[in-house]
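One structure is given here, and the rest of the page talks about it.
The values are calculated or read from the model by the stated rules, or taken from the named source; none is laboratory data. This one's a predicted model, so the numbers in the text were calculated from it and none came from an experiment. Here the Cβ positions follow ideal geometry from the backbone for every residue, glycine too, while neighbour counts run over all protein chains shown.
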Amino acid sequence: MSKAALTPADVEFLVALRRDLHQHPELSWQEGRTQERLERALRESGVSDVRRVARTGLVARIPGTTPGAPCVALRGDIDALPITEATGLACASVNDGVMHACGHDMHAAWTVGAARLLARTPAGGDVLVVLQPAEEVGEGARAILESGALDGARMIFGAHVDPRFDVGQVVAQPGPLAASADTFRVRLTGRGGHGARPHRAIDPIVGAAALISSLQTLVSRSLDPGLPGVVTVGAVHAGNAPNVIPEVAELLGTIRATTVASRTVLHEGVRRVAQGVAAAHGLTVEIVVTPGTPPLVNSPDAAAIAARAAAKVVGEPNVVPLGSTNMAGEDFACYLERMSGCFIRIGVRGPGGDVTDVHTPRFAPDEGALAVGSRLLAECALLFAHS
Ligand code: NI
């Protein structure tokens, strides 16, 4: 048996914690009750050095056995989504229109579980346990970093529920794991006019239509075909009458990429194509690309530790490949701009059970994954000390 072992009482404690969090979900930056509840759970787990940081977050320090040994961080996110729960579970949300539909209740609970194990069996160096708010809006990780609470940490580990995999299966691999998530806004300005006299106007709608089509060539023609990428126009605003050519058309969209280089290709491509198409149609153009979370690329050194930890906890055959890259964003990527680390996927599909995706009203992860997540994160911290 691995060093980080949970007792039946630990499991009961974590299940109760997870259900309580699940029943009382809170949106990003509103995690006041969650923060209080998690602080209490950490103290009940033998962790006394707990600090409130980044408004509704927590960072706890679990002292290591060897003074001066390098420090490692473990991160769990804690916020919920604006979704009305439809699972019908006894622990279903009591907060109208808010639901833990991305499993962050599981993440928070298994991170406390790891802390509980490490308080009992400390690592070589100090372990910083991060309970991070506001992941869903892509802001919490940066706020934690800006608080300075992670200064000195050398490596970071975190994990996400994944309903594509069975409980007991784990993905712990180097390289791209989730995409960058950036937004853009293109405002095309022409000259309004009568719909029957287009020659006296400069029509931004025809320009916008050409631009929407041309943007589709970025992924097919500018990006390495071996790298996934997405450019989606999600909103188009122009005009309000059938016989009036408006002055302005506006497009809003999202850009996803899995490497820093391909992200740059798509950002520059959106600007270039928008400028070119606007010029071709005699329109003036304003382009704003707003960076969101960067691509999440696991570091080889941290991924090697995570894979060893996973093999210890679930057995080598249950450490499985990710398959296709997840094109959603994950703000764990912000930590990886500052230190090396690995983001792990943990299976939550029960035997013959729920395969509903995250971010849906019926998402119901199998609680068996709480033990896997707790032991796995603790094991990462223990192995880091000996790497
Ligand atoms: Ni999530």
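How many residues are over 22 Å from Ser340 (Cα atoms) and not β-branched (Val, Ile, Thr) when one looks only at segment 45-77?
The total comes to 7.
Yes or no, residue by residue, for (1) within 16 Å of the ligand (Cβ to nearest atom); (2) over 17 Å from Val170 (Cα atoms); (3) surrounded by fewer than 17 Cβ atoms within 10 Å (Cβ to Cβ):
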residue	(1), (2), (3)
Val285	no, yes, no
Thr293	yes, yes, no
Ala303	no, no, no
Ala306	no, no, no
Gly323	no, no, yes
Val348	yes, no, no
Ala371	no, no, no
Glu379	no, no, no
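Residue by residue, here is whether (1) surrounded by fewer than 20 Cβ atoms within 10 Å (Cβ to Cβ); (2) touching a Gly at 6+ places or on another chain (Cβ under 8 Å); (3) modelled with pLDDT of 95 or more holds:
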| residue | (1), (2), (3) |
| --- | --- |
| Ser2 | yes, no, no |
| Ala5 | yes, no, no |
| Ala9 | yes, no, yes |
| Glu12 | yes, no, yes |
| Ala16 | yes, no, yes |
| Ser28 | no, yes, yes |
| Ala41 | no, no, yes |
| Leu58 | no, no, yes |
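Taking the condition of being surrounded by fewer than 24 Cβ atoms within 10 Å (Cβ to Cβ) and of a type in the set (Gly, Ala, Ser), how many residues in segment 140-150 meet it?
Of the residues in segment 140-150, 4 are surrounded by fewer than 24 Cβ atoms within 10 Å (Cβ to Cβ) and of a type in the set (Gly, Ala, Ser).
So for segment 220-229 (the condition being in contact with a Lys or Arg (Cβ under 9 Å, 6 or more places away or on another chain) and buried (at least 21 other Cβ atoms within 10 Å of the Cβ)), does at least one residue qualify?
The answer is yes, given that some residue of segment 220-229 is in contact with a Lys or Arg (Cβ under 9 Å, 6 or more places away or on another chain) and buried (at least 21 other Cβ atoms within 10 Å of the Cβ).
Given the condition away from the ligand (no atom under 15 Å from the Cβ), part of a loop (DSSP other than H, G, I, E, B) and of a type in the set (A, V, I, L, M), answer yes or no: does some residue in segment 141-148 qualify?
At the first step, the residues of segment 141-148 found to be away from the ligand (no atom under 15 Å from the Cβ) are 142-148.
Remaining after also requiring part of a loop (DSSP other than H, G, I, E, B): 147-148.
Next, from what is left, pick out any that are of a type in the set (A, V, I, L, M): none.
Among the residues of segment 141-148, not one is away from the ligand (no atom under 15 Å from the Cβ), part of a loop (DSSP other than H, G, I, E, B) and of a type in the set (A, V, I, L, M), which makes the answer no.
If a residue has to be buried (at least 24 other Cβ atoms within 10 Å of the Cβ) and either in a loop (DSSP other than H, G, I, E, B) or within 13 Å of the ligand (Cβ to nearest atom) (or both) to count, how many in segment 127-139 make the cut?
4
What's the total number of residues in segment 60-76 that are small (Gly, Ala, Ser), over 23 Å from the mean Cα position of the chain (by Cα) and modelled with pLDDT of 95 or more?
1
Among the residues of segment 349-378, count how many are at positive phi and either without any contact (Cβ under 8 Å) to a residue 40 or more places away in the chain or outside the structural domain of Arg308 (by TED's automatic domain parsing) (or both).
1
Checking Val289 against (1) more than 16 Å from the ligand (Cβ to nearest atom); (2) assigned by TED's automatic domain parsing to the domain that holds His160; (3) at pLDDT 95 or above, which test does it fail?
Looking at each condition in turn, Val289 falls short on (2).
Cβ-Cβ under 7 Å, sequence separation 6+ or interchain: first residue in segment 83-111 and of a type in the set (Phe, Trp, Tyr), partner within 11 Å of the ligand (Cβ to nearest atom) and not in a loop (DSSP other than H, G, I, E, B). Which pairs?
Within 7 Å, the pairs are Trp110/Gly76.
To keep it simple, each residue is scored yes or no on (1) within 19 Å of Leu377 (Cβ to Cβ); (2) not hydroxyl-bearing (Ser, Thr, Tyr).
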site	(1), (2)
Arg51	no, yes
Thr87	no, no
Ser93	no, no
Asp96	no, yes
Val130	yes, yes
Glu146	no, yes
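Mind checking which strands (runs of 3 or more DSSP E) fall wholly inside segment 1-80 and carry at least 2 residues that are under 17 Å from Asn95 (Cβ atoms) and in contact (Cβ under 8 Å) with a residue 12 or more places away in the chain?
none
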